Amino acid sequence: MAWVETDNKLYSSFKFKDFIEAYGFMTQVALVAEKQDHHPTWTNTYNKVEIWLTTHSAGNTVTDKDHKLAEAIDKILNKTG
């Protein structure tokens, strides 16, 4: 999935087979985000996950931290998708 930079955030949405698959993806992202100490804003509705990344400590702008987490999320997706 492509990340789009808009309104000082990186954004992407992901669709999965069902809720369990979406939740499993979110669990993996949560572990990586915690390890990086950089936490996304996200929503989940059944099989759809939307993620927004921004660095609050840098004045709510997109930084290398956001790009690094987006890359890690893409790697998770490539393993599960």
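Each value in this text was obtained by applying a stated rule to the coordinates, not by laboratory testing. In this text, all values refer to a predicted model and were calculated from it rather than measured experimentally. In this analysis, Cβ positions are derived from the backbone assuming ideal geometry, glycine residues included, and neighbour counts consider all displayed protein chains.
The stretch between residue 57 and residue 6, if pulled fully straight at 0.36 nm per residue, gains 16.6 nm over its current Cα-Cα span. Using a simple spin-label model with pseudo-atoms 7 Å out from Cα toward Cβ, residue 74 and residue 42 lie 1.7 nm apart.
The local environment of residue 14, defined by Cβ-Cβ distances under 11 Å, has a net charge of -1 under the rule Lys, Arg +1 and Asp, Glu -1.
Farthest towards the positive end of the charge dipole of segment 4-80, among the residues 19, 42, 4, is the Cα of 19, using unit charges on the Cβ of Lys, Arg, Asp and Glu. In order along segment 26-37, the phi-based Karplus estimate (6.51 cos²θ - 1.76 cosθ + 1.60, θ = phi - 60°) of 3J(HN,Hα) comes to 4, 4, 5, 5, 4, 5, 5, 4, 5, 4, 7, 6 Hz; Gly and Pro are listed as x. Set against the labelled values [x] 84; [y] 137; [z] 75, volume of the Cα convex hull per residue in Å³ computed from this structure falls on [z]. Couplings 3J(HN,Hα) for segment 40-55, derived from phi with the Karplus relation 6.51 cos²θ - 1.76 cosθ + 1.60 (θ = phi - 60°), are x, 9, 8, 9, 9, 10, 6, 9, 10, 10, 10, 10, 10, 10, 8, 9 Hz, where x marks Gly and Pro.
Checking every one of the trypsin sites (Lys or Arg not before Pro) in segment 11-81 against DSSP loop status and a limit of 14 other Cβ atoms within 10 Å picks out 17. Restricting segment 1-75 to chymotrypsin sites (Phe, Trp or Tyr not before Pro) that sit in a DSSP loop and have at most 11 other Cβ atoms within 10 Å of their own Cβ leaves 46.
For the chain, adding -39500 (n - 2.57) for each run of n ≥ 4 DSSP H residues and dividing by the number of residues yields -14500 deg cm²/dmol at 222 nm.
Tell me the net charge near residue 43. Cut-off is 15 Å between Cβ atoms, residue 43 excluded, with +1 for each Lys or Arg and -1 for each Asp or Glu. Intermediate values should be presented prior to the final figure.
Working: positive: 9, 15, 48; negative: 50.
Summing Lys and Arg as +1 and Asp and Glu as -1 gives +2.
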